[in-house]
Amino acid sequence: MKGKNDSLEKIRELVLAHQNIVLCGHTNPDGDAIGASLALAAALHKMGKNVQVLLEQYAKKYDVIPNSNLIAQKENVKEADLFIALDCGDMGRLQGIEDIFQKAKCTVNIDHHASNSYFGEYNYVEENASSTSEIVFKLLKGYLPIDQDIASALYAGIIYDTGGFRHSSTTPFTMQASGELMSYDIPFTKIYNDLFDSRSFSEMKIMGRAFDKAKSYFDGKVICSAITMQDIEECKGTNKQLDAIINYLKGVNDTKIACFFYEKNEMDVKASFRGNDGYDVCALAQKFGGGGHVKAAGCTIVAPIAKAKEMIFQEIEKML
Ligand SMILES: [Mn+2]
């Protein structure tokens, strides 16, 4: 599956050569997808490009990331001369906008997921990068504009994907880049607090529900919880408020693999996984058509929760 990378120079050339540019982050966007997309969009906008960003609606905590005015509704998106997918591991992550991607004159895929399928005409995938935002920083630095808002967006993306510089994907370069971004006088305390330590009342209630329903399996090696559409409704929340739960499950002492399931709709169950050292949950997710990183991955399964869980647990048992 591994493809060949084009250079960042080549991608800069493409950006300079095109005027109507559409950017998009993955479906159900997270801090990195939003940060990378809005940062690159703002830089291109500053250069006088016509930029439109496609991002699905996201949780309020991400409002700390500037330049959301560059987000366009899908219906209003003109034909793209250049389409840049950010933080998308495969075509499936471009949910609902594959048609715009396919009609674009030129396509670029910038990402850091190990499972990336090199679906762009041009590709830059660095699986050792902490985040797509870190790659966008490299793309911009010294060549394209960076200002306080762009720096804030990139910093937000980096801290989001590294869990605040904790995950093993954090490198000396991650810290150098973040230090440099900090020098733009960004509100780093607010960014951190908004991303990691703020939530709506309904989100807190859903978290409580998920923790209450959590169960321990395989002598505590696996912690699993599941949330139904009914749970979400009873807590007056949405399924955009579930991101934080899995990390708490993983934090239970001696957990090897954490699983979190939720009902996306009547048909589909979304499964998220976290693995501790030596447990490759990306390989697990790939068995069900998903992907991600070695220690953090996910997939969507067309089955009721109980059935999805049974299928996943059959695979997990082999891994333990
Ligand atoms: Mn990412």
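Toward the positive end of the charge dipole of region 8-196, with +1 on the Cβ of Lys and Arg and -1 on the Cβ of Asp and Glu, the farthest Cα among Ser68, Asn109, Pro172 is that of Ser68. For the chain, the Cβ-based charge dipole about the Cα centre amounts to some 260 debye (Lys, Arg positive; Asp, Glu negative; other atoms uncharged). Any idea what the relative contact order of region 9-165 is, in percent, if you count C-alpha pairs under 8 Å spaced at least 6 apart? 29 percent. Gap in Å between the Cα centre of region 8-86 and the Cα centre of region 258-320? Using only Cα atoms, the two centres lie 29 Å from each other.
Calculate I(q)/I(0) for the chain by the Debye formula, one identical point scatterer on each C-alpha and no solvent, and give its log10 at q = 0.12, 0.13 Å⁻¹ to two decimals. Listed by q, the Debye log ratios stand at -0.80, -0.95.
Largest first, the three principal axis extents of the alpha carbons in region 183-320 are 49, 37, 28 Å in whole numbers. Under the combined filter of DSSP loop state and at most 15 neighbouring Cβ atoms within 10 Å, region 1-86 retains these trypsin sites (Lys or Arg not before Pro): Lys2, Lys4, Lys78. Between the Cα long axis of helix 305-319 and the first principal axis of the chain there is an angle of about 90°, rounded to the nearest 10. Helix 172-182 against the longest principal axis of the chain: what's the angle in degrees, Cα atoms only, rounded to the nearest 10? So the inclination is approximately 60 degrees.
Each Cα pair under 8 Å and six or more residues apart adds its sequence gap; the mean of these over the residue count of region 214-280 is a relative contact order of 32 percent. In order along region 230-237, the Karplus-derived 3J(HN,Hα) couplings, from 6.51 cos²θ - 1.76 cosθ + 1.60 at θ = phi - 60°, round to 5, 4, 4, 5, 4, 8, 6, x Hz, and Gly and Pro are given as x. Averaged over its residues, region 201-319 has an accessible area of 50 Å² per residue, based on protein heavy atoms and a 1.4 Å probe. Rounded to the nearest 10 degrees, the angle from helix 148-162 to the longest Cα principal axis of the chain is 30 degrees. The portion of the accessible surface of the chain made up by carbon and sulfur, rounded to a whole percent, is 49 (1.4 Å probe; DNA, RNA and ligands excluded). Pairs exceeding 22 Å between alpha-carbon atoms, taken from Lys141/Lys240; Lys270/Lys295; Lys60/Lys307; Lys61/Lys256; Lys236/Lys264; Lys221/Lys318: Lys141/Lys240; Lys60/Lys307; Lys61/Lys256.
Checking every one of the trypsin sites (Lys or Arg not before Pro) in region 99-160 against DSSP loop status and a limit of 16 other Cβ atoms within 10 Å picks out Lys105, Lys141. Based on Cα contacts under 8 Å between residues 6+ apart, the chain shows a relative contact order of 13 percent.
For region 36-110, what is the accessible area per residue in Å², given a 1.4 Å probe and the full set of protein chains?
That works out to 42 Å² for each residue.
The values are calculated or read from the model by the stated rules, or taken from the named source; none is laboratory data. Please read all numbers here as calculations on a predicted model, not as lab measurements. Heads up, the Cβs are rebuilt from the backbone with ideal geometry, glycines too, and the neighbour counts pull from every protein chain shown. Only protein heavy atoms, including side chains, enter the accessible area calculation; ligands, DNA and RNA are left aside. Shrake-Rupley method; radii C 1.70, N 1.55, O 1.52, S 1.80 Å.
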